[in-house]
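Bear in mind that the values in this text are calculations on the coordinates, not laboratory data. Because the structure is predicted, anything quoted here is derived from the model rather than measured. We place every Cβ from the backbone using ideal geometry, glycine too, and count neighbours over all the protein chains shown.
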Amino acid sequence: MIPAENLVAFGLLCIPIIVIPGPSVLFTIGRSLALGKTGGLLTVVGSIFAACVAILLIAFGLGLLLNRFPLVYTIVKIAGALYLMYLGIQAIRHRKAETDAATGNPKKQSAWVTIWQGFAVGITNAKGILFLVAILPLFVDTKIGNYPVQILLLGAVFVVMAIISDSAWALVAGVARDWFAKSPKRIEVFGILGGCLMIILGLILLILEH
């Protein structure tokens with residue numbers, strides 16, 4: 001069993017990392033602006049599932065793969081950035097359908113599609129995965145052994161904190177969107193805003209991350 005002080009120290013380190021908006025949080029905000037609270041929360045479900053998969057992979061050797069083969073990291077980074085931009089373009093193109101859904105003419109995106117999009121963005125966030133690769137092992141007690149189990153416990157702390165923070169961001173953005181939904185024109189603008197946010201984020205990830 002991992003020492004309690006390691007879990008606490010890791011949790012404290014995660015607070016600024018999780019609370020300050022990063023790629024997954026900004027994507028969630030964009031989805032909430034485009035699809036409302038439900039869309040934002042479903043996006044959180046997908047991104048959290050991606051985090052769980054990443055933690056499982058890290059516990060069983062993903063870190064070695066990414067460290068030994070930089071090309072894998074580059075491919076994942078580019079794929080994630082392009083997918084974000086694609087979703088942003090789609091949000092802008094289909095803003096009328098999203099406006100109809102928000103104002104009582106339901107033509108909503110499938111819940112599974114929204115969850116999948118959140119998962120795809122989360123699992124291709126190579127920088128986020130590399131953060132976990134670099135940080136999780138620092139809090140493992142090598143004297144105890146059971147490396148995978150300790151990684152999974154630390155990962156569980158990260159996941160719980162991410163659920164709370166990301167859901168809060170999704171709800172705040174969703175409430176703002178619902179408030180503007182009284183005017184179809186305003187909600188259409190919010191859909192465009194959410195799409196533009198995703199496109200800009202994709203460009204930033206594509207250009208600035210190494």
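In nm, to one decimal, how far is the Ile144 label point from the Thr74 one, both placed 7 Å along Cα→Cβ?
The modelled label-to-label distance comes out at 3.9 nm.
If neighbour count is taken as other Cβ atoms inside 10 Å, put Ser167, Ser24, Ser110, Ser32 in order from fewest to most.
Fewest to most other Cβ atoms nearby, the residues stand as Ser110, Ser167, Ser24, Ser32.
How high is the FRET efficiency from Ala176 to Trp112, r the C-beta distance, R0 25 Å, rounded to 0.05?
0.45
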